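*Asks:* The following block contains the structure, expressed as C-alpha cells.
The values are calculated or read from the model by the stated rules, or taken from the named source; none is laboratory data. All figures in this text were calculated on a predicted structure; none of them were measured in a lab. Please note: Cβ atoms are built from the backbone with ideal geometry, for glycine as well, and neighbour counts cover all protein chains shown. Areas reflect the complete protein model, heavy atoms only, side chains present, ligands, DNA and RNA absent. Shrake-Rupley method; radii C 1.70, N 1.55, O 1.52, S 1.80 Å.
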Amino acid sequence: MKRRTGQDPSVTRNWKPATQAVRGGTARSEFGETSEALFLTSGYAYDCAGDAAARFAGEQAGMTYSRLQNPTVEMLEQRIALLEGAEACRTMATGMAAMTAALLCQVSQGDHIVQGRAAFGSCRWLTDSLLPRFGVTTTTIDARDPQQFEDAIRPNTKIFFFETPANPTMDVVDLEAVCAIARKHGIVTVVDNAFATPALQRPMEFGADVVAYSATKMMDGQGRVLAGAVCGTEDFITNTLLPFTRNTGPTLSAFNAWVVLKGLETLDLRIRRQSENALKVGSFLEGRVPRVNFPALPSHPQHALFMRQMAAAGPIFSFELDGGRAQAHALLDGLELIDISNNIGDSRSLMTHPSSTTHSGLAEEKRLEMGVVEGMIRINVGLEDADDLIADLDQALRGAGL
Ligand SMILES: Cc1ncc(COP(=O)(O)O)c(C=O)c1O
C-alpha cells in the first residue's frame, strides 16, 4: 500500500529537512513512479453527477479544477510547508503573485501597513503605488531598527511587511524582536524569505505569521521557471488566502511545480556550496572595493544578528563602487565568466546593477532612501569554482580602474 498511496502526515512531520526536501509531500499514483508525476490537466472527471455536486459542495474529497487543485502542485505545497515548518502552504505563479496575494488577501480600505525600506522594487511598487489606490496606506521604516516598527504603529496597522536579508542592500531584520512587537499589538507579520529559503532561515521559528517566497530563486535554483509560495497557519491559508486566490487565479502551473519539486531535492546542497563560494568571493571583494554589503562577513555591523538567524551565508550580496553608474557598468561589461543578469538563486554566477535594472522602476529619491546607490552591484554567487569567479572579478575590476 505504502508504494501507491500518499504519506501519513504524522510520520512526515518528524522527518528531518534533508528527507523532506527529497520525499516530503510525495503522492504516488497507481503506477508507483519514483519521481513525482506531472499531472498536466486542467479539469477532472467524476464517476457520476452526484459526485461532481458533492465535490463542489465540499462533501467529497477530490479535485475539481486546476485553478483550485492539482496533484503535482499539491505535492510541492506540502513539501514547502514541511520544509518551512508551516501548517500549510499555497503556491503561486510567481514570487510577486505570492507577495501580492499575501498582502491583498488580508487588507481592506482604511488599513495600514508598516514596511521595511529595503525591498525588491516590485514589492515597493505594490505597497507604495498599488495599495494606496484602494485606500491602504503604508509607512516605510528602516527595518534594521525594531523600535521603528513599534513607533510606526497606528490603531489601523494590520501588517508588518519586510524582507530579511533584503534585496539588494542586505539589511537584516531582527525577526524575534519585530515579531514580538507585532504579536503584542495583534499585527500580522509577512516575511519575504526569498534570499534565505527554509534551508537557511525559518522565520516562523522566530514568531513570523506568514512567510512568502519567490520560488523562482533558490528553490528552482537553476534559472528555469517562475514560481511563488505563501506559508501560514491552516486557518490563514484556508480562510484568508484561499478565498482570494481561488477567485483571482494566480495559480502555479503543474509543469513549473514539478520543476521546483526537482529543485528542492538539491536545495540544501546547492545553497550550502553557493554560501561557501559567496564567502570566498565576498572576502576577496572586501579587499578590492570600497563597501561590501554582506552580513556573513565578520566586519559587517549586523553580522552577529545575521548568524543568529541564518544557518549559512547564502549566495547573494551587494557591493558598492565610488565611481557611480559608469564604473558599475564598466565592471559588468568587463566580465568574461559571470553573466550580467538580474536573476538570483541560480547555480550560475550572475551580477546586476540594481538601480538601472531591478530597482529602475522606482524614483531616484526612493532608491536612495532604500540605500540603492548608483555604484551598487548585486551578485549571485553560483556553483562554479570560486577561484575562477575571483579571477574573473579581478580582471574586470582592473578593467574598471580598480
Ligand atoms: C526578494 C524578492 N521578492 C520577490 C521577488 C519576486 O519574485 P518573482 O520574480 O518570482 O515574481 C523577487 C524577485 O526578483 C525578490 O528578489
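*Asks:* Could you list, in sequence order, the residues of region 340-384 that are charged (D, E, K, R) and without any contact (Cβ under 8 Å) to a residue 12 or more places away in the chain?
*Replies:* First, the residues of region 340-384 that are charged (D, E, K, R): 346, 348, 364-367, 369, 374, 378, 384.
Glu364, Glu365, listed by residue number.
*Asks:* Which one is nearest to the ligand (Cβ to nearest atom), of the residues in region 84-94 that are surrounded by fewer than 24 Cβ atoms within 10 Å (Cβ to Cβ) and of a type in the set (A, V, I, L, M)?
*Replies:* Ala93
*Asks:* Something else: Could you please find all residues in region 280-301 being crowded, with 19+ Cβ neighbours inside 10 Å and part of a loop (DSSP other than H, G, I, E, B)? Lay out the reasoning, then the answer.
*Replies:* Our first condition is that a residue be crowded, with 19+ Cβ neighbours inside 10 Å; within region 280-301, this holds for 281-282, 284-285, 289, 292-296, 300.
Across region 280-301, the qualifying residues are Val289, Phe294, Pro295, Ala296, His300.
*Asks:* Being more than 11 Å from the ligand (Cβ to nearest atom), open to solvent by less than 20 Å² (accessible area, probe 1.4 Å) and either touching a residue at least 60 places away in the same chain (Cβ under 8 Å) or in a loop (DSSP other than H, G, I, E, B) (or both) is the filter here, so list the residues in region 185-196 that pass it.
*Replies:* Ile187, Val190
*Asks:* Which pairs have Cβ atoms under 7 Å, sit 6 or more apart or on different chains, and link a residue in region 109-127 that is closer than 15 Å to Ala194 by Cβ and part of a strand (DSSP E or B) to one that is of a type in the set (Gly, Ala, Ser) and more than 10 Å from the ligand (Cβ to nearest atom)?
*Replies:* Partner pairs satisfying both residue conditions: Gly116/Ala143.
*Asks:* Across region 200-229, what is the total count of residues that are in a loop (DSSP other than H, G, I, E, B) and either open to solvent by less than 10 Å² (accessible area, probe 1.4 Å) or within 13 Å of the ligand (Cβ to nearest atom) (or both)?
*Replies:* Result for region 200-229: 14.
*Asks:* Which numbered condition in (1) in contact with a strand residue (DSSP E or B) (Cβ under 6 Å, 6 or more places away or on another chain); (2) within 23 Å of Phe206 (Cβ to Cβ); (3) at pLDDT 95 or above is the only one that Gln106 fails?
*Replies:* All conditions are met except number (1).
*Asks:* Right, another one. Filter region 95-136 for residues that are open to solvent by 20 Å² or more (accessible area, probe 1.4 Å) and among the hydroxyl-bearing types (Ser, Thr, Tyr); which is farthest from the ligand (Cβ to nearest atom)?
*Replies:* Checking each candidate, the answer is Ser108.
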